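Written out below as structure tokens is the structure these notes cover.
Only the coordinates and a few stated rules stand behind these numbers; no lab work does. Predicted model only: the values in this text are computed from it and were never measured. Glycine gets a Cβ as well: all are built from the backbone with ideal geometry, and neighbour counts include every protein chain shown.
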Amino acid sequence: MTYCVGMVLDKGLVLMSDTRTNSGVDNISTFRKMFSWSVPGERIISIMTAGNLATTQAVISQLEERTKAPVERRPSILEAPTMFQIATIVGHLLRDVIEGRQDAGMQGEGPRFTASMIVAGQIKDMEPRLFLIYPEGNFIEASFDTPFFQIGETKYGRPILVRGYDKGMSFEDAVKLLMVSFDSTLAANLSVGLPFDLMVIERDKFEPLHQKRITAEDPFFKLISSSWGEALRSAFYSLPDYAFDD
């Protein structure tokens, strides 16, 4: 399992993913789940993945090959005219990879080959956009009512995002909010683990404003983790006391 979050702000997009992949408690590995492509001054695209690792790597590899292949091997996400069409390309490819594995005689394995993806980015003269791609290849787009998407182990970090998100918040506050969400997930689920990959995409810049790998030794993340725990305990003990009588 993994945990990835994509968030739309007035200022742009903020993305974070973990890197843990496990096939049981005795087989835990680190693999990148965030990938990006850009054309300076024209577009930036980022994809985060969750699910079967072989499936997601096959999709990412084919997307990468198409950016360098002759015309007959396309369509390429670097040539699609809109982010909607990029999401369509990714969705169709994800569906085809999953169906191909099932058609190869693996139908009995079923869900083992499923995966989901978050596609984020901006093309020049258009708005930054964020999409959630399902294993079936269909997708939904972030909106006013749903301004962020999660994939993977979502339940532990979601309450933090629901309570803390504000579309007008600064990039710095958004990163802090994501760190709290990831720290809460990390504390509750062994299938999510450090390091985390972070990317901040400012509107109309078409290159990462900030990009970082956050390790277990990162001083800011360690401070956020300890401070959040202390703040929760302080908030809990400041609540009114329950009484057994009326």
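Do any GluC sites (Glu not before Pro) in the stretch 50-99 lie in a loop, going by DSSP, with at most 14 other beta-carbon atoms within 10 Å of their beta carbon, and if so which?
none
Mind listing which chymotrypsin sites (Phe, Trp or Tyr not before Pro) in the stretch 187-246 are in a DSSP loop and have 10 or fewer other Cβ atoms within 10 Å?
242, 244
How much length would be gained if the chain were fully extended between residue 32 and residue 239, taking 0.36 nm per residue of separation minus their Cα-Cα distance, in nm to one decimal?
Gain in length upon complete extension: 70.4 nm.
For the chain, set up a Gaussian network in which alpha carbons nearer than 10 Å are linked by springs, and say which option among 47, 98, 224 fluctuates the most.
For the chain, modelled as a Gaussian network with Cα springs under 10 Å, the answer is 224.
Taking each pair of distinct Cα atoms in the chain once, what is the resulting Kirkwood hydrodynamic radius in Å?
Averaging 1/r across every pair of different Cα atoms and inverting gives 19.1 Å.
Can you pull the one-decimal nm distance between simple spin-label points at residue 216 and residue 190, each 7 Å off the Cα toward Cβ?
Calculated label separation equals 1.4 nm.
So for the pair residue 92, residue 204, with labels modelled 7 Å out along Cα→Cβ, what separation do we get in nm?
For residue 92 paired with residue 204, the spin-label model returns 3.3 nm.
Taking only DSSP H segments of four or more residues, each worth -39500 (n - 2.57), what value at 222 nm results for the chain once the sum is divided by all its residues, to the nearest 500 deg cm²/dmol?
After summing the helix terms and dividing by the residues of the chain, the value is -10500 deg cm²/dmol.
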